[in-house]
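Everything below concerns the one structure shown next.
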Amino acid sequence: MTNPSLLILAGDGIGPEVMAEVRKIIDWYGTKRNVTFDVSEGLVGGCAYDAHGTPLTDETMARAQEVDAVLLGAVGGPKYDNLDFSVKPERGLLRLRKEMDLYANLRPAQCFDALADFSSLKKDVVAGLDIMIVRELTSGIYFGEPRGIFEEGNERVGINTQRYTESEIERVARSAFELARRRNNRVCSMEKANVMESGLLWREVVQKVHDEEYPDVELSHMYADAGAMQLCRWPKQFDVIVTDNLFGDLLSDAAAMLTGSLGMLPSASLGAPMANGRPKALYEPVHGSAPDIAGQGKANPIACILSFAMALRYSFDMGSEADRLEKAVEQVLADGLRTADLLGEDGVQPVSTSDMGDAVVAALDASL
Ligand code: IPM
Ligand code: MG
């Protein structure tokens, strides 16, 4: 049997630092669990632009299509702010999502007990929180045509188009219902059916998929603005939230902050099954490239490490190993280890990115 293959695209800013910690975990699985991954590396984002004049080369794109899973760090930085839109670092990431057709973006927001005090919300509102946002990732206003900045009379007009087909809504709705069945069996769908036709269609199609295929799952609908409010008011009312590309972008950042730090949250972007039965997949932390702290050993590697745990679960059918890795992370947090983003308690000294990675490896060792 061939080894499972991984393409690592560490990207910009803190991406390479947090990914170095994931490499330690990958190596650990090779030496201690006898699970060896064939790892290759490539460039994405600003570093790819610096080297090749494009945020993602065709070669790297082709490699991403071949491997079992892609692990991505982060892209972007102030150095690239004035680049033409077509070569901005973010375009590299968007191209991966689009060409791999990674339509279901899973963004869990889980509050670790040890961190319940870090949320800007009251502890009882967030303690034990465990919700999953399923964000549609390959369509909607991020990709709809027409788009651009055009001349109209004597001024310019900026245009983006929100567009969803029934089949695009159906497939992401199925992903959400399937996940809900393995969780607490509840889905809340969010759109703006009160003002947008695409939202009205979204609501109808999600309801139809539910009625025809998943009547056992509890389904509710909410306007996305009310959803944002409810996420802050009482987030534990939710289990799975399914929503479009743009609302999902916003709601997942809000949900992330409920857990105390953006530095904690992983994501999985999944597409259709490949010939080997594994879904096309890309795993990345929800946080960005944090150029302000890059290169200083301050970044929290946990989001990236937990993204690898999601790869174990969703790409490699290694759910118990994913549990092991998640428990190891929980353990180091319970032991009081904190990177700089998680400070606030009296007298706690921050540990470095690399110390945090080592501690997770030690906790993995202890789990054997
Ligand atoms: C995200 C990010 C991306 C997005 C950017 C980097 C293109 O904010 O993954 O949430 O807008 O989708
Ligand atoms: Mg975002």
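The values are calculated or read from the model by the stated rules, or taken from the named source; none is laboratory data. No experiment lies behind these values; they were computed from the predicted model shown. We place every Cβ from the backbone using ideal geometry, glycine too, and count neighbours over all the protein chains shown. SASA here: full protein model, heavy atoms, side chains in, ligands and nucleic acids out. Shrake-Rupley method; radii C 1.70, N 1.55, O 1.52, S 1.80 Å.
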Potential extension, residue 2-residue 234 segment - 0.36 nm per residue separation minus Cα distance: 78.9 nm
Å² per residue, accessible surface of the chain at 1.4 Å: 43
Three-way shape call for the stretch 54-110 based on the alpha-carbon gyration tensor, with the a/c threshold at 1.5: oblate
Accessible heavy-atom area order of 304, 47, highest first, probe of 1.4 Å: 47, 304
Antiparallel %, DSSP beta bridges [both residues in the chain], to 5: 45
Heavy-atom SASA rank of 314, 164, 29 (probe 1.4 Å, accessible area, largest first): 314, 164, 29
Semi-axes of the equivalent ellipsoid for the stretch 120-259, Cα gyration tensor, largest first, Å: 29, 20, 11
Length released on extending from residue 334 to residue 23, taking residue separation times 0.36 nm less the Cα-Cα span: 109.7 nm
Rounded if a/c under 1.5, otherwise prolate or oblate - the stretch 21-152, Cα gyration tensor axes: oblate
Estimated 222 nm signal from helices in the chain, with DSSP H stretches of n ≥ 4 weighted -39500 (n - 2.57), rounded to 500: -12500 deg cm²/dmol
Solvent-accessible ranking of 201, 94, largest area first, probe 1.4 Å: 201, 94
Cα→Cβ-extended label distance, 7 Å offset, between residue 194 and residue 362, nm: 5.3
Percentage relative contact order, the stretch 186-237, counting C-alpha pairs under 8 Å, at least six apart: 45
Rough spin-label spacing in nm, given labels placed 7 Å along Cα→Cβ, for residue 170 and residue 185: 2.6
Overall form of the stretch 193-297 per C-alpha gyration tensor (a/c, 1.5; a/b vs b/c): oblate
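Rounded to the nearest 20 Debye, what is the dipole magnitude of the chain about its Cα centre when Lys and Arg each give +1 and Asp and Glu each give -1 at the C-beta?
360
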Calculated FRET efficiency for the pair residue 117/residue 204, C-beta based, R₀ 45 Å, to 0.05: 0.60
Alpha-carbon centroids, the stretch 85-158 and the stretch 175-251: separation in whole Å: 16
Cα convex hull of the stretch 78-179 - mean projected area over all directions, nm²: 10.7
Distance in nm between pseudo-label sites at residue 82 and residue 62 (7 Å out along the Cβ direction from Cα): 3.6
Contact order normalised by residue count of the stretch 256-358, Cα under 8 Å, 6+ apart, percent: 26
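Pop out the carbon and sulfur fraction of the accessible area of the stretch 62-171 as a percent, whole number, probe 1.4 Å.
Answer for the stretch 62-171 is 47 percent, counting heavy atoms of protein chains only.
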Gaussian network model of the chain, springs between alpha carbon atoms under 10 Å - residue of 260, 77, 347 with greatest fluctuation: 347
Over the chain, relative contact order from alpha-carbon pairs under 8 Å, at least 6 apart, %: 21
Globularity ratio of the chain, using Cα Rg and 2.2 N^0.38 Å: 0.98
FRET efficiency, 1/(1 + (r/R0)^6) with R0 41 Å, evaluated for residue 149 and residue 352 via beta carbons: 0.40
